[in-house]
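Take a look at the structure below.
Throughout, read-outs are computed from the coordinates displayed, never taken from laboratory work. The model shown is predicted, which means the values in this text are computed figures rather than measured ones. Here Cβ is always computed from backbone atoms with ideal geometry, including for glycine, and neighbour counts include all displayed protein chains.
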Amino acid sequence: MPARNVNDFTIRVATVNGSGSQSSNLVLTNAIARLGIPVAAKNVFPSNIEGLPTWFDVRVSALGYQCRARDFDVLVALNATTWQQDVGGVKSGGAVVHEESFPCKGDTLREDLSYYAVPFSALAKEHFADKGNLRKYLMNMIYVGVVAQLLEIPASTVEESLRTQFRSKASAVELNMSAINLGFEYAREHLEKHDPWRLVPMDGKTSGLIFMDGNRAAALGALMGGCTVAAWYPITPSSSLCEYFIQYCDRYRVDAESGEHNFAIVQAEDELAAAGIVFGAGWAGARAMTSTSGPGISLMAEYAGFGYFAEVPGVIFDVQRAGPSTGLPTRTMQGDVSFAYTLSHGDTKHIVLLPATVSEAYEFAMEAFDLAERFQTPVFVLSDLDLGMNSWLTPPLRYPEKPFDRGKVLGADDLGSMKSWGRYRDVDKDGIAYRTLPGTKHPGAGFFTRGTGHDEEARYSEMPEVWQRNLDRLSRKHDTARTVVPAPVVDEKKSRKAAILAYGTTHHAIVEARDFLLDAGVELNYMRVRALPLSPEVATFVQRHERVYVVEQNRDGQLYGILRTELPTHLIGRLESIRHYNGVPIDAHAVIDPLLAQERPPAVIAE
């Protein structure tokens, strides 16, 4: 028997969309994590409701890597349509657990793989004949038992995971556990293990961590950030963010005395209307948000420009998917960065936050509302499908400790002590003017909110010098934001010639890639940008390196383009673009391969 590979492999489950496989996949993922072994779950699913192929990867990594693996070692094949394709993708030395009726011949019979045939359909039909449509879901639970037996996961651990998965449906636990036990029993009695893959419990690796997706974290962050108004139109992959927010509001936004809810949720007729509601609520003094994806962002361009120029706060969550146009609604991308940054016609630049982790999805959601009110402007939070919809192991989210930052809001007492004020007057030379809220009880509180040309007193103006002064002030406000938005995270242990610069979920592939490259003799510093406008630290970081590789998940190198526009001219030639844009989450080799080709370490040349 070959040497066993322990706690370092990827399981791919190939099923059909709409078969209920998501629940069984998460039960398996959670069970492995309960053994103390870090796991990363990646779901690649089609955009139809039912019938097309779907793949779910469970990456087991003792080192805690959270990015997608390019290859997989263990295949659970339950989709006849993709059977040949799926077997062809298994790494040499891998294992295949498959429906017994699938033919093993020609391309699907490989001498370098271990096969385990299981009559999943027959077992489900025999034991759950009276369960109707539930039978297809229970068949997936049978595979959980089979895989758990082969990988030596205790049945008690799987049951704990199952109870967590169905904690809101306790009545479903017994039935699903019977299907899992059926898989355990069949594997014990009929399958002799002859592959190297197994799991061994670990201590401390997952202790205290929880599973959460980025959309849920962002929804909780919006709640904690004081949001009381949400307007949205459903669109994949952002819909669950507002759905989670509604659930949290129903539970927590309740007046303690009257018992009445104190929030407003509007499902608008389209994304344009949703944005209008957000900025209307922001103008009135409420903290308001919407969640959408690329096509919805396109429709919001007009209101984004209005919010920027009239200086009205609002938060827009963009859970990015593959575009352009309808594109691939259930695939991931970092394709909206340059679009969101300058959304609207004319000279417009927005604050854009770029979370990479579940914790940051939560923290940046809270911070977005402070920034929107402090700078009186739209703030975009750019997540993506990978972060938003996949489950990640994460530390528990921290309860906020600092008070809300409402920015420069004048109350009646403030106005009473002032001789005069102008809505668009820059008193403090930071580009941020003072504002009042509707209902302020002072005769001088009122002003016209203008999306047309206006002077410092909010009076209509078409004078060239007034127009230019206003645009210069807005630019000055944008520059003020550079030192206030989340600062970059830098890992720069010592002076090195080359570095990586990236943002968002690309981070997880870079963590693994840097470890691999270090072993190959390539040492790279690393900066992760967390917001736009760019911090002054970015230019100084680039200045310290001869080559800076900008890694991102889009075809056109969008952050690379922003850097070339905003960095000093003499630094532009130091930038090189590395791009991944096939719709699935970036893997470490998408970073490793081009960097090895460029850096050419002596150890690699010698080989």
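Segment Q84..K169, full-extension length gain: 26.9 nm, with 0.36 nm per residue of separation and the alpha-carbon distance subtracted. Relative to one another, the C-alpha centroids of the range 212-281 and the range 179-211 are positioned 39 Å apart. Enter the angle in degrees (range 0 to 90, nearest 10) between the Cα long axis of helix 464-481 and the first principal axis of the Cα atoms of the chain, meaning the one along which they spread out most. Its long axis makes an angle of about 40 degrees. A simple count of charges around A31, restricted to other residues whose Cβ falls under 13 Å of its Cβ and scoring Lys, Arg +1 and Asp, Glu -1, yields -1. Excluding same-chain neighbours fewer than eight residues apart, the aspartates and glutamates reachable from K493 by a Cα-Cα span under 18 Å are E512, D515, D519, E523, E537, E546. Within the shell of other residues whose beta carbon sits under 15 angstrom from the beta carbon of P486, the net charge comes to -1, with Lys and Arg scored +1 and Asp and Glu -1. Here the Karplus curve 6.51 cos²θ - 1.76 cosθ + 1.60, taken at θ = phi - 60°, turns the phi angles of the range 261-268 into couplings of 6, 10, 8, 9, 10, 10, 8, 6 Hz, with x standing for Gly and Pro. Evaluating 6.51 cos²θ - 1.76 cosθ + 1.60 at θ = phi - 60° for every residue in the range 563-575, the Karplus couplings come out as 4, 5, 7, 9, 7, x, 4, 6, 9, 4, x, 7, 8 Hz, glycine and proline recorded as x. Compactness of the chain was expressed as the Cα radius of gyration divided by 2.2 N^0.38 Å, which yields 1.07. Checking every one of the trypsin sites (Lys or Arg not before Pro) in the range 342-450 against DSSP loop status and a limit of 12 other Cβ atoms within 10 Å picks out R398, K419, K429, K441. A straight Cα-to-Cα reach below 27 Å connects K349 with the lysines K408, K429, K477, residues fewer than 8 places away in its own chain not being considered. With q set to 0.15, 0.19 Å⁻¹, the log10 of I(q)/I(0) for the range 212-394, from the Debye formula over equal scatterers at the Cα positions, is -0.75, -1.24.
Just report the Cα centroid separation between the range 10-73 and the range 529-607, whole Å. Going from one Cα centre to the other spans 29 Å. Applying both filters, DSSP loop and at most 14 other Cβ atoms within 10 Å, to the GluC sites (Glu not before Pro) of the range 135-221 gives E152, E192.
By DSSP, the beta bridges lying fully in the chain are antiparallel in about 35 percent of cases.
FRET efficiency for the S47 to D491 pair, using the beta carbon distance and R₀ = 35 Å, is estimated at 0.40. The value of relative contact order for the range 212-394, using C-alpha pairs under 8 Å at least six residues apart, is 30 percent. Rounded to the nearest 500 deg cm²/dmol, what is the calculated helix-only ellipticity per residue at 222 nm for the chain, with -39500 (n - 2.57) per DSSP H run of length n ≥ 4? The helix-only estimate for the chain comes to -11500 deg cm²/dmol at 222 nm. By the rule of a C-alpha distance below 19 Å, with chain neighbours fewer than 8 residues away ignored, the aspartates and glutamates paired with K419 are D428, D455, E456, E457. Note: relative contact order over the chain, using C-alpha pairs below 8 Å and six or more positions apart, is 12 percent.
Whole-Hz Karplus values for the range 369-386 come out as 6, 5, 5, 4, 7, 5, 9, 6, 7, x, 10, 9, 10, 9, 8, 8, 4, 4 Hz, taken residue by residue from phi with 6.51 cos²θ - 1.76 cosθ + 1.60 and θ = phi - 60°; glycine and proline positions read x.
Ordering A539, S239, V490 by Cα displacement along the dipole of the chain toward the positive end leaves A539 in first place; charges were set at the Cβ atoms of Lys, Arg (+1) and Asp, Glu (-1).
Neighbour counting of Cβ atoms within 10 Å sorts the residues C242, C249, fewest neighbours leading, into C249, C242. Each of F245, F128, F263 was scored by other Cβ atoms within 10 Å of its Cβ. Arranged with the fewest first, they read F263, F128, F245. Among beta bridges from DSSP that stay inside the range 14-125, the antiparallel ones total about 45%. Below 8 Å, C-alpha to C-alpha, sequence gap of six or more: please give me the relative contact order for the range 5-207 in percent. Over the range 5-207, the number comes to 26 percent. Spin-label pair T483-R198: with each label point 7 Å from Cα along the Cα-Cβ axis, the two points sit 6.0 nm from one another.
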